[in-house]
Amino acid sequence: MPYPTQPTASHFINGQYVEDTSGAEIPVIYPATGEQIAVVHEATPSIVEQAITSAKAAQKAWAALSGTERGRILRRAADMIRERNHDLSVLETYDTGKPLSETLYVDATSGADALEYFGGLAGSLTGEHIQLGEDWVYTRREALGLCVGIGAWNYPTQIACWKGAPALACGNAMVFKPSETTPLCALKVAEILHEAGLPAGLYNVIQGTGKVGAPLVTDPRVDKVSLTGSVPTGRKVYAAAAEGIKHVTMELGGKSPLIIFDDASLEDAVGGAILANFYSSGQVCSNGTRVFVQKGIKEAFLTRLHERLQEAQIGDPLDEATNFGPMVSENQMKIVQGYIEKGKAEGARLVCGGNALPRDGFYLEPTVFADVTDEMTIAREEIFGPVMAVFDFDTEEEAITRANETEFGLSAGVFTSDLTRGHRVIAQIEAGSCFINSYNDAPVEAPFGGSKLSGVGRENSKAAIEHYSQMKSVYVRMGAVDAPF
Ligand code: TXE
């Protein structure tokens, strides 16, 4: 194959790369140039079957190991990922277009964090003993069995690890389907896990669109489905999983509020708004895309924001000086351009940006709209691109009410120098992952996930253990059985 980023084969099943060229071709496009850099084949029914059977065959013996033994392998994989961080980051940059200045620090490394954290936790997973007079109950924390992970295209390595690490720590097997837009990095995660000693079959990667995802979700041998994706897909996957009463984790989209009070540090608030909107070219589910700025600080905020956006280094993502790269695909760029046009047509004030760059690849300028009102399309729908909407507000109460007027509930942020107010406001916001005087930090130690349409369940932290294991309780009678007849 002529492509330098061509994987050994399309799928990774039962501890090895597997190809089946009878599956439809999925071209892999480098977003910075629009050039094809690899091709994979969609999983055929036979590939899906191989993945499920090998996972089922391996799971019970894996669950029978001690947590410490399982954890050791995950921690070894974490070390290997860190040793190979540079190459993995370059691959993530090819897969997504995100600049190397990001991927070197937040993609493979956050995957390694998850493997290290859940590897460390695995040995401490226990049930409990409940004494009931002479009798007693004990609980066993057991694996769910076979977990399916379905990924989005914005954080392919991270998502593969955030789902795989807790699943494996708890004694499950996983079949992971990356997004068809970014199929390369999850294969590396599977390869490294097995190189670190994971028994064959426990972490399989198969490629494809929703056509491959859907039969995975409904397969009766699958016990749990964890999806990162859009709300419409979440609805379908959740409903299909409900048919089989399967466990689910749904990490879906958002339209999160970022509330900036006029007592906030202007520089920090502008920095927070940049992190909340333009990191990964705006393709982050937790982004704070509805920026509510108190009237007293509004013009100063917009002026400073405009100045700082001029400092963005837009360009070749493989150049470490670049800190703003292309959109993941032409399709996603067109979706975002459609929203920019709607913003203009509905009367929002374009402060800066709004254009595609006259170069190859899928580049859009960082874009800011001001004077946005709550009913505009750009105020209500998830755009998933570098488009910030700035709203004015007068009072704390008004900001809270308007911030909550959304069907989503993933994240929220508050900037204020009045810490009492910061805590008071965040307590009233309907969202799962929140920030005070910061934005978009996602350490593995903290639960991550949404409320309302943004999802169910939590990833990361000890909370994730509840979503990848189940309790069995065992009543033990010590005396005679007192039956009625
Ligand atoms: O997501 P999809 P896409 C949002 C964002 C973006 C939109 C579309 O708004 O514009 O989603 O992105 C698989 N059964 N987010 O198209 O369609 C699909 O193959 C089983 C938010 O990537 O939701 C992919 O692997 N699986 C998000 C995954 O679901 C199915 C990050 C997500 O696809 C399926 C990325 C089916 N019926 C985009 N249909 C976030 N929360 O961070 C599709 N899939």
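Each reported figure results from applying straightforward, stated rules to the coordinates on display, with no laboratory input. Just so it is clear, the structure is predicted and the values come from calculations on it, not from any experiment. Note: ideal-geometry Cβ built from the backbone for every residue, glycine included; neighbour counts use all protein chains shown.
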Unit Cα scatterers, Debye sum, the range 222-278: log10 I(q)/I(0) for q = 0.13, 0.25, 0.29 Å⁻¹
-0.53, -0.93, -1.11
P(r) tail fraction, the range 246-291 - alpha-carbon pairs more than 16 Å apart, %
45
Divide, for the range 408-485, the radius of gyration over alpha carbons by 2.2 N^0.38 Å, where N is the residue count.
1.81
Kirkwood estimate for the range 279-381, i.e. one over the average of 1/r between Cα atoms, Å:
14.7
Once the dipole of the range 122-263 is set up with Lys and Arg at +1 and Asp and Glu at -1 on Cβ about the Cα centre, which of G229, A165, G127 lies farthest towards its positive end?
G229
In degrees, nearest 10, range 0 to 90: what is the angle between the Cα axis of helix 419-428 and the longest Cα principal axis of the chain?
60
Treating the Cα atoms of the range 386-449 as identical point scatterers in vacuum, please give the log10 of the normalised Debye intensity I(q)/I(0) at q = 0.21, 0.23, 0.24, 0.30 Å⁻¹, two decimals.
-0.97, -1.14, -1.22, -1.48
Degrees, to the nearest 10: 185-195 long Cα axis against longest axis of the chain:
30
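Note down the relative contact order for the chain as a percent, whole number, built from C-alpha pairs under 8 angstrom at least six residues apart.
Working: 1156 pairs, mean separation 87.0, N = 485.
It comes to 18 percent, rounded to a whole number.
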On a 0 to 90 degree scale, rounded to 10, what angle separates helix 330-345 from the longest Cα axis of the chain?
40
When N is the residue count of the range 426-470, what does its C-alpha Rg come to as a fraction of 2.2 N^0.38 Å?
1.21
Rounded to one decimal in Å, the inverse mean reciprocal Cα-Cα distance for the range 217-317, i.e. its Kirkwood radius, is 16.3
What percent of all Cα-Cα pairs in the chain falls in each 10 Å bin, counting up from 0?
4, 20, 28, 25, 15, 6, 2, 1, 0
Got a sec? Charge dipole of the range 154-251, +1 on Cβ for Lys and Arg, -1 for Asp and Glu; which of V175, A200, V217 is way out at the positive end?
V217
Quick one: K60, K163, fewest Cβ neighbours within 10 Å first, how do they rank?
K60, K163
Along the principal axes of its C-alpha atoms, what lengths does the range 1-158 span, in descending order and rounded to whole Å?
71, 39, 22
At q = 0.11, 0.13, 0.16 Å⁻¹, the log10 of I(q)/I(0) for the range 1-87 from a Debye sum over equal Cα scatterers comes to -0.48, -0.66, -0.89
Using amide H atoms built in the peptide plane, which far-off residues or other-chain residues are under 5 Å from I259 H to H?
F292, G413, V414, F415
Which value in deg cm²/dmol, rounded to the nearest 500, describes the helix-derived mean residue ellipticity at 222 nm for the chain, given -39,500 (n - 2.57) per DSSP H run of n ≥ 4 and division by the residue count?
-11500 deg cm²/dmol
Hand me the GluC sites (Glu not before Pro) from the range 280-334 located in a DSSP loop with no more than 10 other Cβ atoms within 10 Å, in residue order please.
E311
Listed with the fewest Cβ neighbours within 10 Å leading, M327, M333 appear as M333, M327
For the range 245-376 the mean separation of alpha carbon contacts under 8 Å (6+ apart) over residue count, i.e. relative contact order in percent, is 19
The exposure ranking of K211, K246, fewest beta-carbon neighbours within 10 Å first, is K211, K246
